[in-house]
1. Where Lys and Arg each count +1 and Asp and Glu each count -1, what net charge lies around Val72 among other residues with Cβ under 12 Å from its Cβ?
2. Across 10 Å bins from 0, what is the distribution of all Cα-Cα pair distances for the stretch 10-81, in whole percents?
3. If you roll a 1.4 Å probe over the stretch 10-81 with all protein chains in place, what percent of the accessible area is carbon or sulfur?
4. Determine which lysines satisfy two conditions relative to Lys86: a Cα distance under 27 Å, and not lying fewer than 8 residues away in the same chain.
5. Leaving out ligands and nucleic acids, note down the accessible area per residue over the stretch 10-81 with a 1.4 angstrom probe, in whole Å².
Amino acid sequence: MERLRSSPLHANISTALDKHLESIHVVQARRKDEIVSASSRQRHGPPRCQDERVVLALAAALRALCLATRKVRTVLWCALQMTLPK
C-alpha cells in the first residue's frame, strides 16, 4: 500500500500489525504449553490446578488476539481507504 501511495503510511498501522503478530506468537506458545500439560497429565495423573492456569493463560491470549485482530482489520481498512484514488 505504501508503494501505491508513494508515501509512508501512518506509524499506527505498522504498530497494529506488529502487535497482531506478537499476539499470534503468544497464542501459539500458550497452545504449545497446553499440549505439553495435557500430555504430561495423561502420563502422571491429574494435577488440576496447573491445568486450569494453562487453560486460563490460553484463554487470555486468545482474547488479546481477538482484540488485536479487530484493531488490525480496522487499521488495514483505513490504510486501504487512504490508498485508493479519489
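The values are calculated or read from the model by the stated rules, or taken from the named source; none is laboratory data. The structure presented is a predicted model; accordingly, all values stated were derived computationally and were not measured. Here Cβ is always computed from backbone atoms with ideal geometry, including for glycine, and neighbour counts include all displayed protein chains. Surface accessibility is based on the protein's heavy atoms, side chains included, excluding ligands, DNA and RNA. Shrake-Rupley method; radii C 1.70, N 1.55, O 1.52, S 1.80 Å.
1. +2
2. Reading upward from the zero bin: 21, 35, 23, 14, 7, 1.
3. Summing carbon and sulfur atoms, their accessible area is 61 percent of the total for the stretch 10-81.
4. Within reach: Lys71.
5. 75 Å²
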